[in-house]
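Input: a single structure, listed below in structure tokens.
The values are calculated or read from the model by the stated rules, or taken from the named source; none is laboratory data. Owing to the predicted nature of the structure, the values given are computational and were not obtained by experimental measurement. Cβ sites come from the backbone with ideal geometry, for glycine too, and all protein chains shown count toward neighbours. When the accessible area is computed, the model is the full protein with side chains, heavy atoms only, and any ligands, DNA or RNA have been set aside. Shrake-Rupley method; radii C 1.70, N 1.55, O 1.52, S 1.80 Å.
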Amino acid sequence: MRPSQRMRDLGVVQHGASILAEPARAFDLPAEHDEAERITDELFAAMDRIGQVHPFAKGMGIAAPQIGIARAAAVVQPPGDAPAIILLNPRITDRSNETDEQYEGCLSFFDVRGLVPRPLKVTVETTALAGETVTIVYERGLARLIHHEIDHLDGLLYTARMRTGVEPIPVEEYRQTGSAWVYEGA
């Protein structure tokens, strides 16, 4: 079974679905507190299902459009025992000029990996369930994970960030590169 079919079977919307190419609708918080909490719970449930069949040593994330919900919510699980990060209405307000280029994977087209340049530091503004704005700076691998999920909420896949002329490679070929970093799955 292809990795993309396994993800589809786990409820992950696959590449080509229009919901992945459209900006997600923001929450009106705190008025939509219960709706935001329900969707966040669904994201955690999806992460649990996926984690049962695929290990993510470098961390993983999932955005609401990837489970068929066109709302601005995502959850990122950093590597190790760090607590999950909930992103509601996230927006990148600043990014470093310094970048690196690493392979990324995506649950919505899990058969390939792509070499993606991203800033090494991003400043992200989110909305808490109670309605207050929270600003946090993320660096390196976590900045990459967060940026990838925010792109999903903006209707972008990582292929939109790849350099011109660089194409995704089959996961089998990626595994032969020996690359140390990949996000949303190895």
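Data overview
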{"read-out": "Strands (runs of 3 or more DSSP E) wholly inside region 61-121 containing at least 2 residues that are touching a residue at least 40 places away in the same chain (Cβ under 8 Å) and either hydroxyl-bearing (Ser, Thr, Tyr) or open to solvent by less than 10 Å² (accessible area, probe 1.4 Å) (or both)", "value": "73-77, 85-88, 99-104, 112-119"}
{"read-out": "In region 138-156, the residues that are open to solvent by less than 10 Å² (accessible area, probe 1.4 Å), more than 9 Å from the chain's Cα centre (by Cα) and free of Cβ contacts under 8 Å to residues at least 24 places away in the same chain", "value": "none"}
{"read-out": "Failed criterion for Leu129 (all others in (1) within 27 Å of Gln14 (Cβ to Cβ); (2) touching a residue at least 24 places away in the same chain (Cβ under 8 Å); (3) not small (Gly, Ala, Ser) hold)", "value": "(1)"}
{"read-out": "Residue in region 120-130 that is within 18 Å of Gly59 (Cα to Cα), in contact with a Ser or Thr (Cβ under 6 Å, 6 or more places away or on another chain), at pLDDT 95 or above and of a type in the set (D, E, K, R) present", "value": "yes"}
{"read-out": "Positions within region 95-119 being over 19 Å from Leu157 (Cβ atoms) and in contact with a strand residue (DSSP E or B) (Cβ under 6 Å, 6 or more places away or on another chain), in sequence order", "value": "Ser96"}
{"read-out": "Test set (1) open to solvent by 40 Å² or more (accessible area, probe 1.4 Å); (2) more than 25 Å from Pro170 (Cα to Cα); (3) outside any loop (DSSP other than H, G, I, E, B) - Arg8 fails condition number", "value": "(2)"}
{"read-out": "Hits in region 11-40 (condition: under 28 Å from Ala128 (Cα atoms), within 16 Å of the chain's Cα centre (by Cα) and open to solvent by 60 Å² or more (accessible area, probe 1.4 Å))", "value": "Ala21, Glu22, Pro23"}
{"read-out": "Positions within region 18-30 being in a loop (DSSP other than H, G, I, E, B) and free of Cβ contacts under 8 Å to residues at least 24 places away in the same chain, in sequence order", "value": "Asp28"}
